[in-house]
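What follows is a short report on a single structure.
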Amino acid sequence: MAKQYTKELIKKEFIKLVSKRPLKNITIDELSQNCEINRNTFYYHYEDIYMLVREILNDELIKLDEEFNNTLSWEESFILAISFILENKKATLNIFRSIDQQYIDNYLYETCGRVMDKFIENECKIKNIKPKEEDIKLIRSFYQFALIGFLNHWIEEGLKDDPQEYINRLGKLFEGNIERSLRISEGDSF
């Protein structure tokens, strides 16, 4: 219990610090002082700051899995998936500008993939659609990469605009396309 409390405190204080300045300007000493712990306590929980960042982002993926609701549209699920980014724009920019691009790409790939996996699985279950497995992968990948591209562009632009407006508009423009694609797969014998 105390271990989890300490880890949550470290994460909370880290987000506060990284909201104010770049990751490279945050020291373990400063973070430890803000948490009123010693450096050894920090190192007991984390190897370094980057391990802390990885855990924070991984926590968001776990939260996405836990909070997914079968009644959500893919747009609502996507907004839920990026809620950490929306709530912590400055921190996100400072983190993403300081970590390896490959890690960012992997995180976005996993986030968008989970959204599409869950949505497609739910569509098939609720609407009793039985598409071909290879088509499910193709549909998932198409939407996943589109969302990754959208997120990368939004991050590169400094998270200035509200993505909810764009995502909701995309949802309206492409409404029914996923279900239609799944049904084509189900009935097609190509």
For the chain, dividing by residue count, accessible area per residue (probe 1.4 Å) in Å² works out to 58
For residue 90, the aspartates and glutamates lying under 18 Å Cα to Cα, once residues fewer than eight places off in the same chain are dropped, come out as 13, 60, 100, 156, 157, 161, 162
Pairs over 27 Å Cα to Cα, from 137/172; 11/160; 7/89; 89/137; 63/160, come to 89/137
Descending packing, highest mean Cβ count within 10 Å first, for 59-68, 26-35 is 26-35, 59-68
If each part is reduced to its alpha-carbon centroid, segment 25-70 and segment 95-125 end up apart, in Å, by 20
Carbon plus sulfur, as percent of the 1.4 Å-probe accessible area of segment 37-184, comes to 50
Expressed as a percent, the portion of alpha-carbon pairs in segment 1-151 spaced more than 20 Å apart is 55
Of the convex hull drawn through the C-alpha atoms of segment 1-47, the volume per residue in Å³ is 62
With the 8 Å Cα cutoff and a minimum separation of six or more residues, the chain has a relative contact order in percent of 23
With +1 at each Lys and Arg Cβ and -1 at each Asp and Glu Cβ, the charge dipole magnitude of the chain around its Cα centre, to the nearest 20 debye, comes out at 280
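The values are calculated or read from the model by the stated rules, or taken from the named source; none is laboratory data. Since the model is a prediction, treat every value here as computed from it, not as a measurement. Every residue, glycine among them, receives a Cβ derived from its backbone with ideal geometry; neighbour counts consider all protein chains shown. Please note that ligands, DNA and RNA were not included when accessible areas were found on the heavy atoms of the full protein model with its side chains. Shrake-Rupley method; radii C 1.70, N 1.55, O 1.52, S 1.80 Å.
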